[in-house]
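Everything below concerns the one structure shown next.
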Amino acid sequence: LLAQRVDQQIALGELARIAGTNKTTLVNRFEAAFGCGPMTWFRHYRMMEAAARLRSGHESVAEVAESLGYEN
């Protein structure tokens, strides 16, 4: 779900609503499964995706930033 929204900003409450649970339960289950909270995981995933795209050399920094939802 988060990986599909890599280009968007998503709030924890919205993520919990989509998952059909509350914020506390979502965070607890996510931490148990992944070792970090969902927002930390999401930031890390976006950075790894950006790094991979930049290494490919097919997109500029501005293009990668825009496509991943980073703002000035």
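Out of everything in segment 1-19 that is exposed (fewer than 14 other Cβ atoms within 10 Å of the Cβ) and part of a loop (DSSP other than H, G, I, E, B), what residue ends up being modelled with the lowest pLDDT?
Leu1
If a residue has to be part of a loop (DSSP other than H, G, I, E, B) and of a type in the set (Ser, Thr, Tyr) to count, how many in segment 31-68 make the cut?
Within segment 31-68, residues that are part of a loop (DSSP other than H, G, I, E, B) and of a type in the set (Ser, Thr, Tyr) number 1.
Of (1) of a type outside the set (Ser, Thr, Tyr); (2) touching a helix residue (DSSP H, G or I) at 6+ places or on another chain (Cβ under 9 Å); (3) in a helix (DSSP H, G or I); (4) modelled with pLDDT of 95 or more, Asn28 satisfies all except one. Which?
Among (1) of a type outside the set (Ser, Thr, Tyr); (2) touching a helix residue (DSSP H, G or I) at 6+ places or on another chain (Cβ under 9 Å); (3) in a helix (DSSP H, G or I); (4) modelled with pLDDT of 95 or more, the lone unmet condition for Asn28 is (2).
Name the residues in segment 20-72 that are closer than 15 Å to Leu2 by Cα, surrounded by fewer than 12 Cβ atoms within 10 Å (Cβ to Cβ) and of a type in the set (A, V, I, L, M), would you?
If the condition is that a residue be closer than 15 Å to Leu2 by Cα, surrounded by fewer than 12 Cβ atoms within 10 Å (Cβ to Cβ) and of a type in the set (A, V, I, L, M), then Ala33, Met48 are the ones that fit.
The values are calculated or read from the model by the stated rules, or taken from the named source; none is laboratory data. Predicted model, so just to flag it, every value in this text is computed and none were measured. Don't worry about glycine lacking a Cβ; one is built from the backbone with ideal geometry, like all the others, and counts go over all protein chains shown.
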